[in-house]
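Enquirer: Please find one structure pasted underneath; my questions will follow.
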Amino acid sequence: MSTIEATVDELDDTTIGELEKATASRNRRNATLLLAPGILGLLFGFIIPLLYMIRMSFNIGASDGVVIHTWSLEMYAKPLSDPYYWKVILNTFLMGLKVAVFCAVLSYPIALFLTRTNSRFKGLLMAMAIAPLLTSAVVRTYGWMVILGPVGIINGVLKALGYDGPPLVLVNNMTGVEIGLIEIFMPYAILGMMSGFGRLSTQLEEAAGSLGANAFTVFWRITLPLSIPGLAMAFLLVFVLSISTFITPRLLGGGVVQVLATEIYDQTTGLLNWPFAAALSVILLVLFGTIIAVYQRFTRKIGA
């Protein structure tokens, strides 16, 4: 009798194992079918164009716009050996850094308030915070051109207050570009912080307050450290968007401010040097990857 029971148990175990394998196989097949449209879209919309761009960067662009198909590092040697392009890369990096820092600092209290508030108008306040996203960046940039121009609102207000000096130069330079980008990307920073403020705990703050800590100590020792992941996420998001933006540096910069995005545009449409533009794009992509790698290492470090 015991032999029969053992045989039945073995059959049951075998049957259960086969059912588990069949279920796992079916789940994998269903997951593949569900992911297929997204994978195909990513393949044809991003990966193949990216590979084509990388391949193009190894060609040589002639002065008449002809692309010489070959395998060469000439298009990379030119920007990396020319001080002008090093300055363009540095301008791009510093612009992204300053815009990301100012966006993080200015957006932090707004995001923290929207996360903590229990007001019945919370939904309306959140809508107002992200409402600028409903307007095109082109329109907002033109608006900043009017505000910051020599006869714009800011200089007009200064003149009305008694300032009789030369008008402030806030357009056609990096200052105007950075002001415009800060306003344009603040909604992204707010959303990024709010999504990363999940670790904030009012209970810890209340406990610290009950132990005698003042409001500043509670913020500095508890609230700020717990909100660092959200700050880092917002910083990364704004930085990546800033160094890749084209419209605002082109319009508010007036053709004077040169960053990688504007230089790539000029090389592509003006000089028709597609290989060189592709090489600059790859350099920008490497800059993206470097910043993302630093961010991932930082988040792992603070999460340990």
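The values are calculated or read from the model by the stated rules, or taken from the named source; none is laboratory data. Everything quoted here is computed from the prediction, not taken from an experiment. When we count neighbours, we look across all protein chains shown, and the Cβ atoms used for this are built from the backbone with ideal geometry, even at glycine. Just so you know, the surface numbers come from the protein's heavy atoms only, side chains and all, with ligands and any DNA or RNA stripped out. Shrake-Rupley method; radii C 1.70, N 1.55, O 1.52, S 1.80 Å.
Enquirer: Would you mention how many residues in region 90-125 are free of Cβ contacts under 8 Å to residues at least 40 places away in the same chain, open to solvent by 70 Å² or more (accessible area, probe 1.4 Å) and basic (Lys, Arg)?
Expert: Residues meeting the conditions: 1.
Enquirer: Tell me, yes or no, whether region 264-279 has at least one residue that is out of contact with any Gly (no Cβ under 8 Å at 6 or more places or on another chain) and under 15 Å from Ala100 (Cβ atoms).
Expert: Checked region 264-279: no residue is out of contact with any Gly (no Cβ under 8 Å at 6 or more places or on another chain) and under 15 Å from Ala100 (Cβ atoms).
Enquirer: Moving on to the next point. Return only the number of the condition from (1) part of a loop (DSSP other than H, G, I, E, B); (2) of a type outside the set (D, E, K, R); (3) in contact with a helix residue (DSSP H, G or I) (Cβ under 7 Å, 6 or more places away or on another chain) that Val169 does not satisfy.
Expert: Unmet condition: (3).
Enquirer: Condition test on Ser72, is it surrounded by fewer than 19 Cβ atoms within 10 Å (Cβ to Cβ) and more than 30 Å from Val256 (Cα to Cα)?
Expert: yes
Enquirer: Identify the residue in region 172-185 that is open to solvent by 40 Å² or more (accessible area, probe 1.4 Å) and assigned to a helix (DSSP H, G or I) and, among all such residues, is nearest to Gly230 (Cα to Cα).
Expert: For region 172-185, the residue satisfying everything is Glu183.
Enquirer: Exactly one of these conditions fails for Ser227: (1) touching a helix residue (DSSP H, G or I) at 6+ places or on another chain (Cβ under 9 Å); (2) modelled with pLDDT of 85 or more; (3) open to solvent by 20 Å² or more (accessible area, probe 1.4 Å). Give me its number.
Expert: (3)
Enquirer: Taking only region 164-179 into account, find how many residues are of a type outside the set (Val, Ile, Thr) and closer than 16 Å to Leu97 by Cβ.
Expert: Of the residues in region 164-179, 2 are of a type outside the set (Val, Ile, Thr) and closer than 16 Å to Leu97 by Cβ.
Enquirer: In this structure, is Phe58 among the aromatic types (Phe, Trp, Tyr), modelled with pLDDT of 85 or more and open to solvent by 90 Å² or more (accessible area, probe 1.4 Å)?
Expert: Taking the combined requirement at face value, the residue does not satisfy it.
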